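Inspection log for the structure reproduced underneath, given as C-alpha cells.
The values are calculated or read from the model by the stated rules, or taken from the named source; none is laboratory data. As the structure is a prediction and not an experimental result, all values here were calculated from the model. Glycine also receives a Cβ, built like all others from the backbone with ideal geometry; neighbour counts cover every protein chain displayed. Protein only, heavy atoms only, side chains kept; ligands, DNA and RNA dropped before computing areas. Shrake-Rupley method; radii C 1.70, N 1.55, O 1.52, S 1.80 Å.
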Amino acid sequence: MTVVGPFGLSVRDQALEADVQAGLAAVEEGLLEATKSEVPFITEAAQHLVRAGGKRFRPLLVMLAAQFGDRHAPGIVPSAVVVELTHLATLYHDDVMDEAEVRRGVPSANTRWGNSVAVLTGDFLFARASHILADLGPEAVRVQAEAFERLVTGQILETAGPSDGRDPVEHYLDVLGGKTGSLVAVACRFGAMMSGADDGVVDVLTQYGERLGVAFQLADDVLDIASDSHESGKTPGTDLREGIPTMPVLRLRERVARLGLAEDVALCELLDSDLSDDARHAEALGLLRAHPALEQARRDTVRYAEDARAALAPLVECDAKAALLEMCDAVVHRAG
C-alpha cells in the first residue's frame, strides 16, 4: 500500500499509483509552462503560488476520475492544468478581497506586489487556462464556462449576503456549491469526460465532486479557526478578521437565535466588533475554538463527505473507486 500526495491517499494498485504519480508530475510541468511569459516579472508573479506548492487536490481528482476510461487519453493532463490554473487565479483574487497577507506559507501576491498586480496576475492565469481549454473542444469550454459562472455567482452571493428571510446556513451552502463545489465537480467531470468514460459515470463523478468540494471548503472553515499557520499555510482566523461568516460563525449565530445564552450573545458581539485589533482577534479565535459551534461545523463537514461517498455507490468496485472513497475520509480528517 503506497501513500500518494499530501492527503496521505493509500493506493493499493501499483498501476494506479504509477498513473497518478505520472499524471501529477506532468501537471506540475504543465503549470510551469503555462505560467511562463516573455515578460520576466509576469512569470515571477504568475509562478508565485505554483512554486509555493499546494495540495493539487483538483488535479488528483482529475487523475482518479480518468481511471474509469482510457487513463492515457491526451486531454487528461491539460484539463487538470486548466482546473488548477483556474483555482490558482481565484486565490490571487480572493487574497485581494480578503486582504490576506499569507498564502501557502509565503507572502500573498497582493502583499508582495500590491492589489493591482495580484488581480492582473489572476486574470493572466484565467487567460492561459482558456488558451489550453480551446484545444480540448467546445464541450470542455462550455463545462468550464458554466462552472466559472457558478464560481463568480457564489462569490457575489457571499459578498451580498442572504436575502431577507433566507436561512443564512442554507445561503452559505449555496455559496460553497458555487465557489468551491463547482470547480471540484469540473475536475472530476473532466477526468471522466477526457478519458471517454460512459455518460452515467461522468454524471456520478460530477455529483461526487460537487459534494466533496463543499465538504472540502467546510473543512477549511474549521481549519481557519482550529489550526495554526503551520497546518493551514495561511494566517489563522483570516475570515474571522475580515468579518466573513463561515460555518462555525453561522452555527454560533443560529445557536444564539435558538437559545439566547448570554455567553453566546457576548461572543457574537465580540465577533461583530473591530477584529483588526490583534488582542480582540486572539480572544475571539480562542473562544470560538472552544465553542460547540466549531464541533457542529465539523459535523457539517462529515455530512457532506458522507454524501460524496454515497454518490459513488453506482460505480463498479475498483482501486480508483476505493481511492475516491478514501478522499472523503481525508477531507474529514483535515477538519478533525
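Does the range 143-169 hold any residues that are more than 15 Å from the chain's Cα centre (by Cα) and surrounded by 14 or more Cβ atoms within 10 Å (Cβ to Cβ), and which are they?
Matches in the range 143-169: Val143, Gln144, Thr153, Leu157, Glu158, Pro162, Pro168, Val169.
Of the residues that make up the range 231-254, is at least one modelled with pLDDT under 95, within 21 Å of Glu84 (Cβ to Cβ), out of contact with any Lys or Arg (no Cβ under 6 Å at 6 or more places or on another chain) and in a helix (DSSP H, G or I)?
Yes: the range 231-254 contains one or more residues that are modelled with pLDDT under 95, within 21 Å of Glu84 (Cβ to Cβ), out of contact with any Lys or Arg (no Cβ under 6 Å at 6 or more places or on another chain) and in a helix (DSSP H, G or I).
Which residue pairs have Cβ atoms under 6 Å apart, sit 6 or more places apart or on different chains, and have a first residue in the range 156-182 that is within 20 Å of Thr86 (Cβ to Cβ) and a second that is open to solvent by 20 Å² or more (accessible area, probe 1.4 Å) and of a type in the set (Asp, Glu)?
Cβ pairs passing all conditions: Val175/Glu158; Gly181/Glu210.
Looking at the range 170-180 only, could you name the residues that are crowded, with 16+ Cβ neighbours inside 10 Å and farther than 27 Å from Val141 by Cβ?
Once the filter is applied, which keeps residues that are crowded, with 16+ Cβ neighbours inside 10 Å and farther than 27 Å from Val141 by Cβ, the range 170-180 yields His171, Tyr172, Leu173.
State whether the residues of the range 101-116 include one that is of a type in the set (Lys, Arg) and at pLDDT 95 or above.
Taking the range 101-116 and keeping what is of a type in the set (Lys, Arg), we get 103-104, 112.
Narrowing the set further to residues that are at pLDDT 95 or above leaves none.
The answer is no; no qualifying residue exists.
Out of the residues in the range 10-26 meeting the condition of being part of a helix (DSSP H, G or I) and of a type outside the set (A, V, I, L, M), tell me which one is farthest from the chain's Cα centre (by Cα).
Gln14
Taking Leu183 as the residue in question, decide whether it is open to solvent by less than 20 Å² (accessible area, probe 1.4 Å) and under 25 Å from Ala45 (Cβ atoms).
The answer is yes for Leu183.
Name the helices (runs of 4 or more DSSP H) wholly inside the range 27-107 in which the number of residues that are surrounded by 15 or more Cβ atoms within 10 Å (Cβ to Cβ) and touching a residue at least 60 places away in the same chain (Cβ under 8 Å) is 3 or more.
Numbers: elements: 40-46, 48-51, 57-65, 76-98.
In the range 27-107, 40-46, 57-65, 76-98 are the helices (runs of 4 or more DSSP H) which contain 3 or more residues that are surrounded by 15 or more Cβ atoms within 10 Å (Cβ to Cβ) and touching a residue at least 60 places away in the same chain (Cβ under 8 Å).
Kindly indicate the residue of the range 119-142 that is among the hydrophobic types (A, V, I, L, M, F, W, C) and without any contact (Cβ under 8 Å) to a residue 60 or more places away in the chain and also surrounded by the most Cβ atoms within 10 Å (Cβ to Cβ) among those meeting that condition.
The residue in question is Leu133.
For Gln207, only one of the following conditions fails: (1) free of Cβ contacts under 8 Å to residues at least 40 places away in the same chain; (2) open to solvent by 10 Å² or more (accessible area, probe 1.4 Å). What is its number?
Status for Gln207: all satisfied but (1).
What do you reckon, is Ala313 surrounded by fewer than 16 Cβ atoms within 10 Å (Cβ to Cβ) and outside any helix (DSSP H, G or I)?
Yes, satisfied.
Taking the criterion of being over 14 Å from Phe190 (Cβ atoms) and of a type in the set (Lys, Arg), would at least one residue in the range 159-171 satisfy it?
As a first pass, look at the range 159-171 and keep what is over 14 Å from Phe190 (Cβ atoms): 159-171.
Those still in the list that are of a type in the set (Lys, Arg) too: 166.
Yes, the range 159-171 contains at least one residue that is over 14 Å from Phe190 (Cβ atoms) and of a type in the set (Lys, Arg).
Every residue, every condition in (1) loosely packed, with under 14 Cβ neighbours inside 10 Å; (2) under 30 Å from the mean Cα position of the chain (by Cα), yes or no:
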residue: Gly260; (1), (2): yes, no
residue: Ser276; (1), (2): yes, yes
residue: Glu283; (1), (2): no, yes
residue: Gly286; (1), (2): yes, yes
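Given (1) in contact (Cβ under 8 Å) with a residue 24 or more places away in the chain; (2) surrounded by fewer than 19 Cβ atoms within 10 Å (Cβ to Cβ); (3) touching a Ser or Thr at 6+ places or on another chain (Cβ under 9 Å), where does Asp307 come up short, assuming only one miss?
(3)
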